[in-house]
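**Student:** Pasting a structure below so you can have a look.
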Amino acid sequence: MGTPWYFVALLLTILTSSQGILTTLSQSDEGGYNYDYATVPFLAEVFKLIISGLFLWRETRTSSLATAKITTDWRSVRLFVIPSIIYLIHNNVQFATLTYVDTSTYQIMGNLKIVTTAILFRLFLKRKLSNLQWMAIGLLAVGTTTSQVKGCGEASCDSLFTAPIQGYLLGILSAALSALAGIYTEFLMKRNNDSLYWQNLQLYTFGSLFNVARLIADDFRLGFEKGPWWQRIFDGYSITTWLVVLNLGSTGLLVSWLMKYADNIVKVYSTSMAMLLTMVASIYLFSFKPTVQLFLGIIICIMSLHMYFAPPQTLVDLPVTNEAHPKTLKQVIVEEKTDS
């Protein structure tokens with residue numbers, strides 16, 4: 001591909017960091033939402049589906065027809081159901097976790113997905129990481145956690161260690177499911193030479209169907225008191241809400257590109273750095289008060305980023321040794337004659 005992966009990763013970092021900001025700006029003055037937030041991921045899936053379809057149509061109409069490989073075997077297509085199911089379970093586990101732990105504890109526990117992604121990356125995709133890279137991933141988890149820990153003078157500091165055991169177990173399960181979904185998606189994207197846009201089309205079709213199922217389930221749960229979801233899908237939407245949908249959809253397309261042409265570790269670094277960028281932006285947009293932990297976490301994450309991607313020789317000064325050239329057979333014979 002002509003596009004460098006680090007350019008896509010940088011773009012993903014910017015878009016991911018603006019997600020939380022746009023979502024906050026789309027809230028009402030009371031702090032709630034005037035729109036049904038369950039419709040946002042559905043519209044984002046539809047957006048990704050349309051964009052992928054247009055790019056696939058363009059790819060098959062141009063001279064790159066030979067490279068637009070499409071596998072329509074149902075045994076291959078049905079594999080794309082699995083990540084949609086994993087994400088569906090993950091979303092429900094997230095809500096269940098928040099019933100046992102507070103938001104701060106949940107955010108800190110969410111950093112476990114950095115480590116679980118690296119472990120599953122090694123076990124299932126058989127990608128070997130160097131000792132330096134393992135240390136870098138550990139530093140990334142420490143850095144992101146440090147940036148989120150509040151001062152011990154705050155009342156919520158004690159909540160990190162007082163949650164029920166169910167909360168911690170669900171947090172670990174949530175991190176494992178998030179990593180598993182990412183690893184399995186990368187496996188699907190790289191298992192054959194199918195067009196990225198065709199793979200996206202399959203992935204987002206099932207994603208859209210599962211989101212529709214969730215909206216219908218919400219209607220039944222609420223007894224259709226607000227009417228069916230398709231009649232109120234755009235109620236309360238503003239320009240900011242549409243920006244949230246556009247941002248979420250674009251982020252998903254960039255993630256699928258990284259899964260195809262880079263890997264999950266690049267995505268983990270992009271999303272982790274985006275979290276720190278969001279905190280910095282919140283200082284100016286929402287009068288967020290920066291802490292020493294935040295600056296320390298940013299420094300640790302930058303060190304981790306350099307340690308993982310930099311060539312080893314730039315990190316460790318290896319001594320230069322002058323290797324002795326092995327003697328030729330002719331030289332050995334001459335020396336033996338001289339000695340005799």
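Values quoted throughout were computed directly from the atomic coordinates according to the rules given, and no laboratory measurement underlies them. These figures come from a predicted structure and were not determined experimentally. When we count neighbours, we look across all protein chains shown, and the Cβ atoms used for this are built from the backbone with ideal geometry, even at glycine.
**Student:** Within segment 247-285, whose backbone N sits under 20 Å from a point 7 Å along Cα→Cβ of Phe7?
**Tutor:** 250-263, 266-267, 270-271, by backbone N distance to the label point.
**Student:** List, in the order given, every pair from Lys126/Lys260; Lys113/Lys190; Lys267/Lys289 whose Cα-Cα distance in the structure shown is over 18 Å.
**Tutor:** Lys113/Lys190; Lys267/Lys289
**Student:** Additional query: Please give the FRET efficiency for Met303 paired with Phe224, using the beta carbon to beta carbon distance and R0 = 51 Å, rounded to the nearest 0.05.
**Tutor:** Plugging the Cβ-Cβ distance into 1/(1 + (r/R0)^6) gives 0.40.
**Student:** While we're on this one: Restrict the search to segment 186-231; then list the chymotrypsin sites (Phe, Trp or Tyr not before Pro) that DSSP places in a loop and that have at most 13 other Cβ atoms within 10 Å of their Cβ.
**Tutor:** Phe224
**Student:** How do Ser304, Ser287, Ser84 rank when sorted from fewest to most other Cβ atoms within 10 Å of their own Cβ?
**Tutor:** Ser287, Ser84, Ser304
**Student:** Within segment 1-91, list the GluC sites (Glu not before Pro) lying in a DSSP loop whose Cβ has at most 14 other Cβ atoms in a 10 Å radius.
**Tutor:** Here the sparse-neighbourhood loop sites are Glu30.
**Student:** Taking trypsin sites (Lys or Arg not before Pro) that fall in a DSSP loop and have at most 12 other Cβ atoms within 10 Å as cut points, what is the longest piece of the chain between them?
**Tutor:** 192-326
**Student:** Cut-off is 10 Å between beta-carbons; in what order do Leu112, Leu88, Leu54 appear when sorted fewest neighbours first?
**Tutor:** By the 10 Å Cβ count, ascending, the order reads Leu54, Leu88, Leu112.
**Student:** For Tyr284, project a label point 7 Å along Cα to C-beta. Then give me every residue of segment 8-39 with its amide nitrogen under 16 Å of that point.
**Tutor:** What the label zone holds, given the 16 Å backbone N cut-off, is 14-15, 17-19, 21-22.
**Student:** Please give the length that would be gained between Asn192 and Leu123 if that part of the chain were fully extended, namely 0.36 nm times their separation in residues minus their C-alpha to C-alpha distance (nm, one decimal).
**Tutor:** 22.9 nm
**Student:** Tell me what the chain gives for mean residue ellipticity at 222 nm when only DSSP H runs of n ≥ 4 count, each as -39,500 (n - 2.57), the sum divided by the residue total, rounded to 500 deg cm²/dmol.
**Tutor:** After summing the helix terms and dividing by the residues of the chain, the value is -23000 deg cm²/dmol.
**Student:** Could you tell me the calculated FRET efficiency between Val81 and Val292, based on Cβ-Cβ distance and R0 = 41 angstrom, to the nearest 0.05?
**Tutor:** Calculated transfer efficiency: 0.30.
**Student:** If you don't mind, there's one more thing I want to ask. Compute the relative contact order of segment 5-339 as a whole-number percentage, counting only Cα pairs closer than 8 Å that sit 6 or more residues apart in sequence.
**Tutor:** Normalised by residue count, the contact order of segment 5-339 is 37 percent.
**Student:** Mind checking the angle between helix 264-285 and the chain's longest principal axis? C-alpha axes, 0 to 90 degrees, to the nearest 10.
**Tutor:** Result, in degrees: 60.
**Student:** Per the Cauchy relation, a quarter of the hull surface: what is the mean projected area of the convex hull of the alpha carbons in the chain, in nm²?
**Tutor:** The number I arrive at for the chain is 27.6 nm².
**Student:** Give me the angle, in degrees from 0 to 90, between the Cα long axis of helix 39-61 and the longest principal axis of the Cα atoms of the chain, rounded to the nearest 10.
**Tutor:** The two axes meet at around 60 degrees.
**Student:** What length, rounded to one decimal in nm, is gained on full extension from Ile165 through to Phe95, with 0.36 nm per residue of separation minus their alpha-carbon distance?
**Tutor:** 23.6 nm
**Student:** Tell me the angle of helix 292-309 to the major Cα principal axis of the chain, expressed in degrees between 0 and 90 and rounded to the nearest ten.
**Tutor:** 50
**Student:** Moving on. For the chain, with only Lys/Arg (+1) and Asp/Glu (-1) charged at the beta-carbon, what is the dipole magnitude about the Cα centre, in debye rounded to 20?
**Tutor:** 940
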